[in-house]
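Here's the structure we're looking at; comments come further down.
The values are calculated or read from the model by the stated rules, or taken from the named source; none is laboratory data. None of the values given here were measured: they were computed from a predicted structure. All Cβ positions, even for glycine, are placed from backbone atoms using ideal geometry, and neighbour counts span all protein chains on display. Heavy atoms of the whole protein, side chains included, go into the accessibility calculation; ligands, DNA and RNA do not. Shrake-Rupley method; radii C 1.70, N 1.55, O 1.52, S 1.80 Å.
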Amino acid sequence: MAEKGNTSLSKVTSPSGNITLEFFLTPSKQPAYQVSFKNKKAIDTSLMGFGLKDGPALKENFKVVNTRTSSKNETWDMPWGEQAQVVNNYKEIVVELQEETNLKRQINVTFRVYDDGVGFRYSFPVQENLKEVIIAQENTQFKMTGDHQSWWTPGDWDSYEHVYNHTPISRINAPSKGDPTLAFTSIPENSVHTPFTLKTTDGLYLSIHEANLTDYASMTLLADTSNLSFSSSLVKSDRYGYAVKRTAPFDTPWRTIQVADRAGDLIESKLVLNLNEPNKLGAVPYVHPMKYNGIWWEMHLEKSGWDMEGGRHGATTANTKRYIDFAAANNLKGVLVEGWNTGWDRWTDNARRENAFDFTTPYKDYDLAEVTRYAKSKGVEMIMHHETSASPLNYEKNLDAAYQLMNKYGINTAKLGYVGKLIPEGEHHFGQWMVNHHRRVLEKAAKYNIAINVHEPIKPTGLRRTYPNLISGEGVRGQEFNAWSADGGNPTDHLTIVPFTRMLAGPIDYTPGIFNLKLGGLRPKNSVKTTLAHQLALYVVIYSPVQMAADLPEFYKGIDAFQFIREVGVDWDKSVVLDGEIGDHVSIARRERKTGNWFVGAITDENPREVTIDFSFLEDGKKYKARVYRDGPTAHWDTNPTEYKIEEITVDKQTKHKLKLAAGGGAAISLLTAK
Ligand code: NOJ
Ligand code: CA
């Protein structure tokens, strides 16, 4: 076990004094750090270093050449988001390290210490003995102080679409290579994805992730279940046999550790965003936060198909007009159409999928010009769909033409997809090569004033701050699994975990709003394991500037609870996490930009519970008429999922309102200023 050396100890305390970071060299002169929160140890002595492909590891025999401290306290504006402004307030230390042995290689570590956590990154300066840096493995350790509760998904190199497990650290047993539940992966060991969230016995909440993932491989966390410790495990390219190749000078992504003593504070933290570079794009008037519907769920239910060749084509001009009419009549601004372009007859056929799509050729029964004209006449905008069939080079080849077509028809938003085993062979969805692909797409899209919502994405790492055209993403076991997954669908507690884990990384295109929870018999082995009121609450609980009303228009007919979806906002100037425990329940309130309307969403897991909504977040002296959409008295996710009640109450800052949530249930509340 490493011990603190008696030299080179640097201590930095966050602006309010909450968090203290200590950096030091161990007796073997290996860099190490630890973190405490309100005088409790949050991260124990953790080592740092790199394994290099060519040459000895960067590990021991370092001396501190210099340290520099600084601080910053600024406020920046979000062009769209969960809030209007973000405070970025930290103390920083840069530690310059050099090996004392022959090679005298240099590496710097920068720590930023915030009141809600710590970020640190490595910088490789220009130097004689380290020019091209080929990283076989990064060995950043996160040593825990006990056998904490943890919520994890396997660190699959090709998919984030897994069910969460809840175990103590000592019982983390992620499936690895060869396990059929993994996508196409070569996850070598017992590792987990980030954001990885833990709860200690003395009531601290921790979450480890990364920020500003640029020209580097994604980090998973390798679990050492006997030492209760994690270390960075980078996704490798099997083609090249390493994780990262860079030329000095360069910086790694930030390694982030959020720390809080209230679960909800993890969600309110903007640490990951703050550790990204400021907006590079300037104003992005083409980004339109919006609710949308679309030709999507009907394919997942197998009511229609993506391809025309199969004879049940969903994306016809007539069907699209039906969705446009529904959107226009119901305050949904966007319509997504999947299966509009040729190639869907071969998109999963390994022999033919590499160049399946050109992203510009509509099927014969889909009149793109007419559809966009009709949408415009109804005040609705179309959302483009680009499924790449996991063939990124084919997509890159066609990008200009694809985005020119969108510009021609005034389409500003694209949903991308990367389903399947990655082509070329040997690359993984989350390796450096794909990180760079996604960046090229984002930059190209920005040139064409296009906003991007990526499915099967790289997990978000806060890049939406720098590139605000990156509006949303999947990277979660989304609603679609409820239609077809072999295990019947997402577990009832799924979305009580997601806000404290995946959502810490960024917006989620979960596609809520399924009312026909038993799927109308279309998928007899599957169902949505929540109540209808829970589905409503998701529009507030899950943050995304684009939120789908995912069910089929006919399944919304005559259901007055749909009013909530009509009225709920998507762009916020303030968000408050009222209450929550990971995997049990969560309640969030958000205030809409422009209107000042507040919305509240509360959800529970498989256990019914009573929650108290404390309206002290409201403005002084203001009264609101609140419309409450809640579970009915015998509602239950399995036996009676669609029973709900709507009631009106008057509330102000002093109100505390008790709500009974059914098993798998929820509640949604609209507080409208204008009415
Ligand atoms: C997976 C995406 O998550 C889903 O939304 C989409 O419908 C299919 N891929 C087809 O692209
Ligand atoms: Ca998906």
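Key figures
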| quantity | calculated |
| --- | --- |
| Thr388, sole failed condition from (1) buried (at least 24 other Cβ atoms within 10 Å of the Cβ); (2) within 13 Å of ligand 1 (Cβ to nearest atom); (3) touching a residue at least 40 places away in the same chain (Cβ under 8 Å) | (3) |
| Subset of the stretch 276-305 (residues that are part of a strand (DSSP E or B), away from ligand 1 (no atom under 12 Å from the Cβ) and more than 30 Å from Gln85 (Cβ to Cβ)) | Asn293 |
| Number of the condition not met by Leu422 [criteria: (1) away from ligand 2 (no atom under 16 Å from the Cβ); (2) open to solvent by less than 30 Å² (accessible area, probe 1.4 Å); (3) part of a loop (DSSP other than H, G, I, E, B)] | (1) |
| The stretch 474-498 - residue that is within 10 Å of ligand 2 (Cβ to nearest atom) and outside any loop (DSSP other than H, G, I, E, B) and, of those, nearest to Ala183 (Cα to Cα) | Phe481 |
| Per-region count, the stretch 201-218, residues of a type in the set (Ser, Thr, Tyr) and farther than 20 Å from His428 by Cα | 3 |
| Matching entry among Gly379, Gly343 (being open to solvent by less than 10 Å² (accessible area, probe 1.4 Å), away from ligand 2 (no atom under 16 Å from the Cβ), in a loop (DSSP other than H, G, I, E, B) and in contact (Cβ under 8 Å) with a residue 24 or more places away in the chain) | Gly343 |
| Candidate set from the stretch 306-330 (those that are of a type in the set (S, T, N, Q) and either within 16 Å of ligand 2 (Cβ to nearest atom) or assigned to a loop (DSSP other than H, G, I, E, B) (or both)); member that is least open to solvent (accessible area, probe 1.4 Å) | Asn330 |
| Matching entry among Lys303, Lys333, Lys280, Lys291 (being of a type in the set (D, E, K, R) and open to solvent by less than 50 Å² (accessible area, probe 1.4 Å)) | Lys291 |
| Subset of the stretch 191-231 [buried (at least 24 other Cβ atoms within 10 Å of the Cβ) and of a type in the set (S, T, N, Q)] | Ser191, Thr194, Thr197, Ser207, Ser218, Thr220 |
| Subset tally (residues that are away from ligand 1 (no atom under 16 Å from the Cβ) and either modelled with pLDDT under 95 or buried (at least 21 other Cβ atoms within 10 Å of the Cβ) (or both)) for the stretch 443-466 | 8 |
| Residue list for the stretch 624-647, restricted to those being farther than 10 Å from Leu661 by Cα, open to solvent by 40 Å² or more (accessible area, probe 1.4 Å) and part of a strand (DSSP E or B) | Lys625, Arg627, Asn640, Tyr644, Lys645, Ile646, Glu647 |
| Strands (runs of 3 or more DSSP E) enclosed by the stretch 183-275 - at least 2 residues per element that are of a type in the set (Asp, Glu), modelled with pLDDT of 95 or more and within 17 Å of the chain's Cα centre (by Cα) | none |
| Test set (1) touching a residue at least 60 places away in the same chain (Cβ under 8 Å); (2) surrounded by 21 or more Cβ atoms within 10 Å (Cβ to Cβ); (3) more than 16 Å from ligand 2 (Cβ to nearest atom) - Tyr395 fails condition number | (1) |
| Per-region count, the stretch 453-473, residues within 16 Å of ligand 2 (Cβ to nearest atom) and closer than 17 Å to Ala283 by Cβ | 0 |
| Output for the stretch 506-528, where each listed residue is of a type in the set (Ser, Thr, Tyr) and either without any contact (Cβ under 8 Å) to a residue 60 or more places away in the chain or open to solvent by 10 Å² or more (accessible area, probe 1.4 Å) (or both) | Tyr510, Ser527 |
